[in-house]
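See below for the structure under consideration.
The values are calculated or read from the model by the stated rules, or taken from the named source; none is laboratory data. Everything quoted here is computed from the prediction, not taken from an experiment. Backbone-built Cβ (ideal geometry, glycine too); neighbour counts: all protein chains shown.
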Amino acid sequence: MAARLALGALGVLAGLYGAVRLLQTGTDNVTAALWWVAGGVVVHDGLLAPVVVVLTVLALRVLPAAARPWTAAAAVVVGTVTVTAIPVLGRFGARPDNPTLLPRDYVRNWLIVVALVVVGTALLALVRTARERRVSPGPSTGRPPRGR
Amino acid sequence: MRTAPPRESDFTSRLRSPAVASRVGVALGVCFALAFVTGVVSHWAQAQTWWIPYPTAPAWGYRVTQGLHTLSGIACIPLLLVKLWTVFPRLFQAMARPTTRTGLLQLLERASIAVLVAAAIFQLVTGLANAAQWYPWGFGFIVTHYAMAWVAIGALLVHVAVKLPVIRAALGADVESGALDRPGTAPRSAGLTRRGLLTTTWVAAVVAVLASAGNTVTPLRRVSGLAVRDGEGPQGVPVNKSAESAGVTETARDPGFRFAVVGADRTVELSRAELEAMPQTSATLPIACVEGWSASGEWSGVRVRDLLDLAGVPAGTDVAVQSLQQGGVYTRTTLQGSFADHPDTLLALRLNGEDLDIDHGFPCRVIAPNRPGVLQTKWVRSIEVQA
């Protein structure tokens, strides 16, 4: 309990230090920053998370049981990696005077990443299903993959 | 169909469990701590006055810490998204009245989580956009990202302190154990197992890192299709700020250009030809940017120490480096005495066997070991003893 209290106190101190540093950047800067601080939570909790819930419900209705775990795995990888790629996909920071910044065809490369993940997951699914059939002949049990 | 907000009990997935959240949380905590520490190192390197001098060795130090900073941040994005997904039902948790002790504690904990989530998302979004030089906001990136880093790490420590018993219990039990699950959690999974989700999450983080690691890890350049740089540029080195955007295309090409070393009692002015006539030194040093990309180059030019000797500047003196660039945070920077005296710290005239490209700082630029790229001042006009 003492360790937890010390950890919590250290956290409060670090957080307050950050708050003071933020306030020292001036009212205009703090106001501009707070829109983005709050905006991130609103976009995640109010938009992204509900959309994922709806997509999950739809996927559960459409997909056969055997395909669900693999589809979920591919969707998690593609979805989260795509979020990391938003700035390069939009090329928002590109500048005509600096061709060394954002030099690639990011849409093409993103499609390659998506294709690799989808094909990789499908191959893994086929291998696992074949192996399970060999172990227990009969119709597919639709068992989710066993991670290691 | 009900139109009221969902209740915590409406979420029945086996995957939204402390067993998963704590495991992803450990990885996320490690990546956040790594990003925090390397970020503090970067601010230390960019300071203009030092309590503790920033070291000149190893030459590749900043390349590694800043590469780790951006890559651990990238890894945090899939980890945070999965983590938030696993705990999303908690957002709809029934609250006790805030006038009771339980209610007050609940309220405090939720407030600390709100700060943590807000600060974490803010750090990852602003860091990610900054790496692609995208600034869609009205605040100063450097000061705000730094202040919010302390808020995020503080809220993270509080969160770990509050959750420690749950974390320990979860990590001590099998991942499929239901001991810590919310009431109503499904006994079987409709899709992925918990182990499957964890494996998937690690794969997502690794894919995200590999897709941009080529920014700094040279052998991965061909693999990292989503990297903001491909390692190419004039003379084989990418450019962060072009001569055009710095507004120096005229002044840097002016044939009457004179570089000046300003000592306490004398000033020495040198043309580029005179600099070329001085003893030349070569050094293989990286340009390592705060945005996380880096590239190594073979630089040659005059040792800064030799130039300071011409103006009688004693060893160990901090000096100011002034650029031709007008305006901007980095047009005048401090070169710590230990860097100015380092034998590899050059006023570079050539890069990879050619005269410096104007976008790399022609007619002359500073290059020193273990320094952030923004402090490797280009289009150097003068090096001066500080008043």
Next on the checklist: Being in contact with a helix residue (DSSP H, G or I) (Cβ under 7 Å, 6 or more places away or on another chain), outside any helix (DSSP H, G or I) and either more than 22 Å from A:V117 (Cβ to Cβ) or assigned by TED's automatic domain parsing to the domain that holds A:Y106 (or both): is that true of A:T25 here?
Outcome noted: yes
Checklist entry - Are any of the residues in the stretch B:360-377 of a type in the set (S, T, N, Q), more than 18 Å from B:L285 (Cβ to Cβ), buried (at least 22 other Cβ atoms within 10 Å of the Cβ) and touching a Phe, Trp or Tyr at 6+ places or on another chain (Cβ under 6 Å)? => result no
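Let's see how each residue does on (1) closer than 30 Å to B:E8 by Cα; (2) among the β-branched types (V, I, T); (3) at pLDDT 95 or above:
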| site | (1), (2), (3) |
| --- | --- |
| B:V151 | yes, yes, yes |
| B:V160 | yes, yes, yes |
| B:K163 | yes, no, yes |
| B:L180 | yes, no, no |
Next on the checklist: Going residue by residue through the stretch A:25-33, is there one that turns out to be among the hydroxyl-bearing types (S, T, Y) and facing chain B (nearest Cβ under 7 Å)?
Outcome noted: yes
Item to check | Single condition B:P98 does not satisfy, out of (1) more than 17 Å from the chain's Cα centre (by Cα); (2) within 14 Å of chain A (Cβ to nearest Cβ) | outcome: (2)
Item to check | Unmet requirement for B:W51, which otherwise passes all of (1) free of Cβ contacts under 8 Å to residues at least 12 places away in the same chain; (2) surrounded by fewer than 17 Cβ atoms within 10 Å (Cβ to Cβ); (3) under 12 Å from the mean Cα position of the chain (by Cα) | outcome: (3)
Checklist entry - Can you tell me which residues in the stretch A:52-75 are within 9 Å of chain B (Cβ to nearest Cβ) and outside any helix (DSSP H, G or I)? => result A:L63
Checklist entry - Would the stretch B:282-296 turn up any residue that is touching a Gly at 6+ places or on another chain (Cβ under 7 Å), surrounded by 23 or more Cβ atoms within 10 Å (Cβ to Cβ) and under 14 Å from B:S382 (Cα atoms)? => result no
Next on the checklist: Can you say whether B:V290 is in contact (Cβ under 8 Å) with a residue 40 or more places away in the chain and touching a Ser or Thr at 6+ places or on another chain (Cβ under 7 Å), as far as the supplied structure shows?
Outcome noted: yes
Item to check | Exclusive hit being touching an Asp or Glu at 6+ places or on another chain (Cβ under 9 Å), surrounded by 15 or more Cβ atoms within 10 Å (Cβ to Cβ), within 14 Å of chain A (Cβ to nearest Cβ) and aromatic (F, W, Y), set B:F36, B:F88 | outcome: B:F88
Next on the checklist: Being part of a helix (DSSP H, G or I) and crowded, with 19+ Cβ neighbours inside 10 Å is the filter here; which residues of the stretch B:1-28 pass it?
Outcome noted: B:P18, B:A19, B:V20, B:A21, B:S22, B:R23, B:V24, B:G25, B:A27, B:L28
Next on the checklist: Looking only at strands (runs of 3 or more DSSP E) that lie completely in the stretch B:269-387, which have at least 3 residues being farther than 17 Å from B:F257 by Cα and in contact with a Pro (Cβ under 7 Å, 6 or more places away or on another chain)?
Outcome noted: B:294-303
Checklist entry - Residue check: is B:T218 away from chain A (no Cβ under 11 Å), farther than 19 Å from A:N98 by Cα and either surrounded by fewer than 17 Cβ atoms within 10 Å (Cβ to Cβ) or touching a helix residue (DSSP H, G or I) at 6+ places or on another chain (Cβ under 8 Å) (or both)? => result yes
Checklist entry - Among A:A3, A:A94, which is the only one that is hydrophobic (A, V, I, L, M, F, W, C), more than 7 Å from chain B (Cβ to nearest Cβ), in contact with a Leu (Cβ under 9 Å, 6 or more places away or on another chain) and not in a helix (DSSP H, G or I)? => result A:A94
Item to check | Contacts under 8 angstrom Cβ, first residue in the stretch B:195-208 being under 15 Å from A:W70 (Cα atoms) and more than 7 Å from every other protein chain (Cβ to nearest Cβ), partner at pLDDT below 95 and surrounded by fewer than 21 Cβ atoms within 10 Å (Cβ to Cβ), 6 or more apart | outcome: B:L197/A:G147
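For (1) at the interface with chain A (Cβ under 9 Å from one of its Cβ atoms); (2) under 18 Å from A:T31 (Cα atoms); (3) in contact with a strand residue (DSSP E or B) (Cβ under 6 Å, 6 or more places away or on another chain), each residue gets a yes or a no:
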position: B:Y135; (1), (2), (3): yes, yes, no
position: B:F139; (1), (2), (3): yes, yes, no
position: B:V143; (1), (2), (3): yes, yes, no
position: B:A147; (1), (2), (3): yes, yes, no
position: B:A155; (1), (2), (3): yes, no, no
position: B:V160; (1), (2), (3): yes, no, no
position: B:V166; (1), (2), (3): no, no, no
position: B:A169; (1), (2), (3): no, no, no
position: B:A179; (1), (2), (3): no, no, no
Next on the checklist: Within the stretch B:105-123, does at least one residue satisfy the condition of being touching a helix residue (DSSP H, G or I) at 6+ places or on another chain (Cβ under 6 Å), not polar (S, T, N, Q) and not in a helix (DSSP H, G or I)?
Outcome noted: no
Checklist entry - When the residues of the stretch A:9-45 are filtered to those that are over 20 Å from B:F36 (Cα atoms) and charged (D, E, K, R), which remaining residue is surrounded by the fewest Cβ atoms within 10 Å (Cβ to Cβ)? => result A:D28
Item to check | Tally, over the stretch B:52-75, of residues that are touching a Gly at 6+ places or on another chain (Cβ under 9 Å) and within 14 Å of chain A (Cβ to nearest Cβ) | outcome: 4
Next on the checklist: Looking at B:E232 and the list (1) surrounded by 17 or more Cβ atoms within 10 Å (Cβ to Cβ); (2) at the interface with chain A (Cβ under 7 Å from one of its Cβ atoms), which single condition is not satisfied?
Outcome noted: (1)
Checklist entry - Restricting the search to the stretch B:205-240, which residues are farther than 20 Å from B:A170 by Cβ, in a helix (DSSP H, G or I) and either within 21 Å of the chain's Cα centre (by Cα) or of a type in the set (K, R) (or both)? => result B:V206, B:V207, B:A208, B:V209, B:L210, B:A211, B:S212, B:A213, B:T218, B:P219, B:L220
